[in-house]
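Comments concern the structure below.
The values are calculated or read from the model by the stated rules, or taken from the named source; none is laboratory data. Quick caveat, the model's predicted, so the values are computed rather than measured. All Cβ positions, glycine included, derive from the backbone under ideal geometry; neighbour counts span all protein chains shown.
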């Protein structure tokens, strides 16, 4: 973990809310709120709406504020016998994603890798450019959490401009980037500068939570094994009870697949980009009816391998270990266990083959 | 809200200009009402001009999708009009349409559409005067109701809290009893496999999270030891039966009483035969969602139903298999109080409540995947020629999707609540399904467990109620 604690403060809960109140003036602030009993990221209009806790996560990740569930890439309408084309709106407000868990912040970096490497996606890039991320470290792990097994950390700073760390009393606020510094400038009057002993809290939390997460680490060399064992019959067994819905992909902080559709009536329309998931049969079905991933087993394998394989040596896993897909899967599929089981099976098959 | 639909969004129903004229879409039968409207024209009758007609071959062709599309595209009201009962050019199309409309109408009412917007009429080719009167009356009603409220997540709305529901639930089973049930279940499964009476037993195994089970497919007697039982056996395993029959000649499935209705419907709808199935009914302690007993369990006894082939209790296993034609599945539901509460609220509040629920929908289709009765190989939401339901993951498409899915299950849904359990957005699909079940029962009577009975919306009676029909 990079140590860039050049400026950090200790804030009381009141100071935190006052700061958040100030941020609402010039920014669009998105934070966890409770809606009908579900914790979700929503745009907030008052600092009291935000649910900033020392542990627990929203039902799904905040990725929809960078990569919306659906968005128009262009629009058109017919008037007076001609067609008028409209470009998509450019985000005007600066957006702050507030109270993002460390795993989710890392998930946003995984999205960046897809949308900003090579040919940049201009709509995503514009939105990303005007977004600041304030993450919240965790003081406890949920049952499904496994960030430490995939190279993440409950106090990780990847993807964060600022980080809030829960202390026994109040919060430790760490400024991590220049963009983050802009958010605190002018607000620090009356704040207590953090001391080196406050910094110890980070390693304490990391140790405590690593112990809570009992799962053994997913090893980086397993990616190769998974790729080599692509045709392993083990997948039949592993995905036998998969129901083929898209919960896993839609709640995932790093899943980035989308579909294009034309949404139109006789007078106007738009080219609409919407989330899609590799677990749907329709995702790969050709116009001819042929489907290169014809079975749910092949589709589930695709999802697992896209998270844990199909990567260059120096690239991280695309799974950030938030565990949402494990907790919310209607059939109880567990991606981390599936990786372990697949690797074991592939190794055994290899050993049998060598005999 | 996407731009293609932006024209539809209106404000609240508060201030409407004096000269405001509603948009009304009329879905009319070619053989009667269309000609009746023609008659009104040739007779030079005057009536309001705000109605756009869509000519159908028969009201039997009328689909709720058409009505939803009309609302999405800016209609403030919809009128469906066809031949009088007994006069259908296709003998019975209008009678099927009458049932479909009745149930759709009650759902639209429940989710907050003012019923002054939704009308059904019998107008024959000779009834030009009736057509003019129907259009005049309908226009006046829709004007009263005002512009359709927008399909959008109500921002800055505090929401409403539904009354809490309580109930005793099934008899508590202590650890020793649950252990005994597990032993008996494993033994029953093992005997079935050993005797070759089933190729696979679909049951519950231990999951990777605490308090979680996963569906398992047991084919070897030695593996029967992995079968679990307890509060965490949530899935309705009937969902897996049809695909398992592709692999095995006969399938055994572990079932709670709430799972049986779905099995019965699958047989009724020709998806499997009773003799392809061995149902192992197990005494249920009630399932937990989180730390609480699930809503569907609050009024359930947990006793295994005698139509099961095997009944497993803490005391032992016995073969049962009561004749299903005499069996009823009486499942009182304490959540009816929540439905009644919602129905006591004004339409605008209900509309906001459901728009917010539907607004959260991610279109992950977990509801569809987990539902034992959503077995279509190609779902209406995936058809795009024409595309009835917007693919944009937002309202109004989200509303249409949830409404249509519920309607496709009306009269078929057995209330296992799997859709509501798996919904990551906690949309109260259970209330919608239950509301429809109550309405179907009230209008057309109860469908029991007998696979020989027809489900309500593929059936009709000449004397079906039609109190709202003009």
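Data overview
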quantity: Number of positions in the range B:235-245 that are in contact with a helix residue (DSSP H, G or I) (Cβ under 8 Å, 6 or more places away or on another chain) and either away from chain A (no Cβ under 12 Å) or modelled with pLDDT under 95 (or both); calculated: 4
quantity: Selection from the range B:353-377 of residues that are more than 9 Å from chain A (Cβ to nearest Cβ) and closer than 19 Å to residue A:294 by Cα; calculated: B:375, B:376, B:377
quantity: Residues located in the range B:306-341, provided they are surrounded by fewer than 21 Cβ atoms within 10 Å (Cβ to Cβ) and assigned to a helix (DSSP H, G or I); calculated: B:325, B:326, B:336, B:337, B:338, B:339, B:340, B:341
quantity: The range A:12-52, residues that are under 15 Å from residue A:101 (Cβ atoms) and touching a residue at least 60 places away in the same chain (Cβ under 8 Å); calculated: A:30, A:31, A:32, A:52
quantity: Leading residue by the ranking (farthest from residue B:298 (Cα to Cα)) among those in the range B:210-234 that are away from chain A (no Cβ under 12 Å) and under 29 Å from the mean Cα position of the chain (by Cα); calculated: B:229
quantity: Condition met for residue B:302 (surrounded by 19 or more Cβ atoms within 10 Å (Cβ to Cβ) and touching a helix residue (DSSP H, G or I) at 6+ places or on another chain (Cβ under 6 Å)); calculated: no
quantity: Failed criterion for residue A:179 (all others in (1) in a loop (DSSP other than H, G, I, E, B); (2) over 13 Å from residue A:8 (Cβ atoms) hold); calculated: (1)
quantity: Residue, surrounded by the fewest Cβ atoms within 10 Å (Cβ to Cβ), within the range B:380-397, restricted to residues that are assigned to a loop (DSSP other than H, G, I, E, B) and facing chain A (nearest Cβ under 9 Å); calculated: B:384
quantity: Tally of residues being more than 11 Å from every other protein chain (Cβ to nearest Cβ) and in contact with a helix residue (DSSP H, G or I) (Cβ under 9 Å, 6 or more places away or on another chain) across the range A:304-347; calculated: 23
quantity: Test result for residue B:9, at pLDDT 95 or above and within 14 Å of chain A (Cβ to nearest Cβ); calculated: no
quantity: Residue match in the range A:276-294 (condition: touching a strand residue (DSSP E or B) at 6+ places or on another chain (Cβ under 6 Å), crowded, with 17+ Cβ neighbours inside 10 Å and within 11 Å of chain B (Cβ to nearest Cβ)); calculated: yes
quantity: First in the range A:77-99 and exposed (fewer than 11 other Cβ atoms within 10 Å of the Cβ), second anywhere and at pLDDT below 90 and not in a strand (DSSP E or B), Cβ under 9 Å, 6 or more apart; calculated: A:79/A:267
quantity: Residue match in the range A:9-22 (condition: within 14 Å of chain B (Cβ to nearest Cβ) and on the phi < 0 side of the Ramachandran plot); calculated: no
quantity: Residues (surrounded by 12 or more Cβ atoms within 10 Å (Cβ to Cβ) and in a loop (DSSP other than H, G, I, E, B)) located in the range A:192-216; calculated: A:194, A:213, A:215
quantity: Given (1) buried (at least 23 other Cβ atoms within 10 Å of the Cβ); (2) more than 14 Å from chain A (Cβ to nearest Cβ); (3) modelled with pLDDT of 95 or more, number of the condition residue B:404 does not satisfy; calculated: (1)
quantity: Selected residue (criterion: surrounded by the fewest Cβ atoms within 10 Å (Cβ to Cβ)) from residues of the range B:432-457 that are closer than 15 Å to residue B:267 by Cβ and under 15 Å from the mean Cα position of the chain (by Cα); calculated: B:455
quantity: In the range A:63-82, the residues that are away from every other protein chain (no Cβ under 12 Å) and in contact with a helix residue (DSSP H, G or I) (Cβ under 6 Å, 6 or more places away or on another chain); calculated: A:66
quantity: Evaluation of residue A:144 against (1) touching a strand residue (DSSP E or B) at 6+ places or on another chain (Cβ under 9 Å); (2) in a loop (DSSP other than H, G, I, E, B) (one fails), failing number; calculated: (1)
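Yes/no matrix, rows are residues, columns are (1) within 14 Å of chain B (Cβ to nearest Cβ); (2) closer than 13 Å to residue A:19 by Cα; (3) surrounded by fewer than 16 Cβ atoms within 10 Å (Cβ to Cβ):
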site: A:163; (1), (2), (3): no, no, no
site: A:166; (1), (2), (3): no, no, no
site: A:183; (1), (2), (3): no, yes, no
site: A:189; (1), (2), (3): no, yes, yes
